[in-house]
Amino acid sequence: MKKKFTEKQIHILNVAEKLIAKKGFEGTSVRDISAQANINVAMISYYFGSKEKMMSYLYRYRVQKTRESFAEFAEIIREGKPEMQMKELIKYVVNQLFKFNYFHGFVTQELRHTEHLKEDLLEFYRTFTSKIDDVIKKGVASGAFTNAPKPEDILTLIVGSSLFVIRNKNFYELYVSGKEENYLEEAEKKVLANLLVTVFSLIGYQTD
């Protein structure tokens, strides 16, 4: 079930997200968020309970917004050729994972004991998997694809590859060009390029 947020909660969550993206969860204090959002410190406890619980609310809010944007995105590419749709779907997920990379450590811990987060994430995975399945079937029917791998395996490949690179910077940066501060940007390009080659090979797509 979709969680409803008040305008005040959304305002605080948007402010918190910007700060956490810049300074990290540990480096962002409740006072930082309160000052930037122009609210009393006590309001964090009133609306969310604690900084940690606020992060849970923030993640749920972000997943809901991502699901909404994905629905719009899927509609935009709906009439495109299967190969174009597949490319854009891969790009979309990789971009979202890298863009909101600061969530991943938190999510790993929270999913162990927060049921509504599991449900929200599961719903998004199902929606995306269904879209991949639809594109693969259209590609095979049109002759653009010669293979029909399981859509859940495609999603696993995309998410798994991206999260490995995000979580193992000390290893992967050895193979990424550019300055350290540009790691995520350059790593995203490298991961995307590799995933496009791998997925299009799996679906048996060959350019004319």
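Things worth noting here:
- Spread over its residues, the convex hull of the C-alpha atoms of the range 1-57 is 77 Å³ per residue.
- Highest average packing first - 168-175, 96-103, 140-147, 62-69, Cβ atoms within 10 Å: 96-103, 62-69, 140-147, 168-175
- Partners of K189 within straight-line reach, counting aspartates and glutamates whose Cα lies under 16 Å from its Cα and excluding those fewer than 8 residues away in the same chain: E88, E173, E180, E181.
- Between K190 and N40, the modelled labels are 5.0 nm apart [label points 7 Å from Cα along Cα→Cβ].
- Separation of alpha-carbon centers, the range 120-163 and the range 51-76, rounded to whole Å: 20 Å
- Relative contact order of the chain, defined on C-alpha pairs under 8 angstrom at six or more residues apart (%): 20 percent
- Sequentially through the range 31-42, phi angles give Karplus couplings (6.51, -1.76, 1.60; θ = phi - 60°) of 5, 4, 5, 4, 5, 5, 7, 6, 10, 6, 4, 5 Hz, Gly and Pro residues having no value and appearing as x.
- Simple label model, 7 Å out from Cα along Cβ direction - N14 to K118, nm: 3.3 nm
- Within the accessible area of the range 1-57 (1.4 Å probe), percent carbon and sulfur: 52 percent
- Potential lengthening between A148 and R126 on full extension [0.36 nm per residue; Cα-Cα distance subtracted]: 6.1 nm
- Gyration tensor verdict on the range 80-202 (Cα atoms; rounded if a/c is under 1.5, prolate if a/b is larger than b/c, oblate otherwise): oblate
- Of all aspartates and glutamates in the structure, the ones whose alpha carbon falls short of 12 Å from that of K53, not counting any fewer than 8 places away in one chain, are E110.
- Remark: for residue pairs K23/K150; K22/K81; K18/K81; K131/K190, the C-alpha separation exceeds 27 Å in K23/K150; K22/K81; K18/K81.
The values are calculated or read from the model by the stated rules, or taken from the named source; none is laboratory data. Bear in mind that the values here come from a model prediction, so they are computed numbers and not experimental data. Methodologically, a virtual Cβ is constructed for each residue, glycine included, from the backbone with ideal geometry; neighbour enumeration extends over all protein chains shown. All accessible areas refer to the heavy atoms of the entire protein, side chains included, with ligands and DNA or RNA removed. Shrake-Rupley method; radii C 1.70, N 1.55, O 1.52, S 1.80 Å.
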